[in-house]
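Contents: one structure, followed by commentary.
The values are calculated or read from the model by the stated rules, or taken from the named source; none is laboratory data. Treat the numbers as computed from the prediction; the structure is a model and nothing was measured. Heads up, the Cβs are rebuilt from the backbone with ideal geometry, glycines too, and the neighbour counts pull from every protein chain shown. Quick note on the areas: whole protein, heavy atoms, side chains included, nothing else; ligands and nucleic acids left out. Shrake-Rupley method; radii C 1.70, N 1.55, O 1.52, S 1.80 Å.
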Amino acid sequence: MTETLAPALPDAVEQAAADLLESACAADVTLATAESCTGGMLAALLTDVEGSSHAFDRGFVVYSEAAKCELLGVDRAMLDDCGAVSRDVAEAMARGALRGSDADIALAVTGFAGEGAPGDEAGLVHFACARRDGPVATAECHYGNIGRGAVRIAALGEALRMMRTAIDQSASPDDI
C-alpha cells in the first residue's frame, strides 16, 4: 500500500478532496493553490488522489512575505499596510496564482496556525478563492489556539469547501 498524507487526516477531509477532484474532472476545470500557513498540505492532498493529475495544475508554497511578492506578485506595500494574514493579501495571492498558472480556479490560504507574534490571533486564517471567469470569494475563520496541526487540518476542510463551491458556480445550470 502506498503511504499518503491521508492516515494523518480525518476521513472527511480525504473524501472531500476526492469529491472535489471528481467534480473538477467532470467540469473540466483545473485548480491551483497558493499556501502560506498550510505549507503545501493542500497541494499534497490534491496530488494524493490517483487519476486526477489533469485537474490540479500547480501549487505555490509562499510561507515568507518575500515569496508572496516574488512568486505571486503581492504588492509589498499591501503586506506592510494589511499584514500577511489578511483578506486583501489572500485575494492578491489567489489572483497571483491564477496569473502564474493555467488553472481556472485558485485557492489561497494565509493565517496564524500557531501563536504568532504578540498581538497575532492564534488560529486566524484568511481564504480567497478566485475563478478566472468570475469573482473572488473570501472567508475568515477563527479556529482559536487549538494547535498548529489542528488549525492546518481545519483550514484544509474550508479550502476544499470553497473550491467545490467555485466549481459548482462555474458549471452551467444544465450541469448542476
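Any residue in the stretch 105-118 that is assigned to a loop (DSSP other than H, G, I, E, B) and more than 19 Å from Cys141 (Cβ to Cβ)?
Yes - at least one qualifying residue is present in the stretch 105-118.
Looking at Arg95, Arg131, Arg99, can you tell me which residue is surrounded by fewer than 18 Cβ atoms within 10 Å (Cβ to Cβ) and either in contact (Cβ under 8 Å) with a residue 24 or more places away in the chain or touching a Ser or Thr at 6+ places or on another chain (Cβ under 6 Å) (or both)?
Arg99
From the list Val89, Val74, Val61, exactly one residue is within 14 Å of Ala108 (Cα to Cα), open to solvent by 40 Å² or more (accessible area, probe 1.4 Å) and of a type in the set (A, V, I, L, M). Which is it?
Going through Val89, Val74, Val61 in turn, the sole match is Val61.
For the stretch 102-111, which residues satisfy the criterion of being touching a helix residue (DSSP H, G or I) at 6+ places or on another chain (Cβ under 8 Å) and open to solvent by 10 Å² or more (accessible area, probe 1.4 Å)?
Scanning the stretch 102-111 gives Asp104, Gly111.
Before we move on, is Ile153 in contact with a helix residue (DSSP H, G or I) (Cβ under 7 Å, 6 or more places away or on another chain), open to solvent by 30 Å² or more (accessible area, probe 1.4 Å) and farther than 17 Å from Val74 by Cβ?
When the stated conditions are applied, Ile153 passes them.
From Leu98, Leu160, which residue is outside any loop (DSSP other than H, G, I, E, B), out of contact with any helix residue (DSSP H, G or I) (no Cβ under 7 Å at 6 or more places or on another chain), at negative phi and modelled with pLDDT of 95 or more?
Being outside any loop (DSSP other than H, G, I, E, B), out of contact with any helix residue (DSSP H, G or I) (no Cβ under 7 Å at 6 or more places or on another chain), at negative phi and modelled with pLDDT of 95 or more holds for just one of Leu98, Leu160, which is Leu98.
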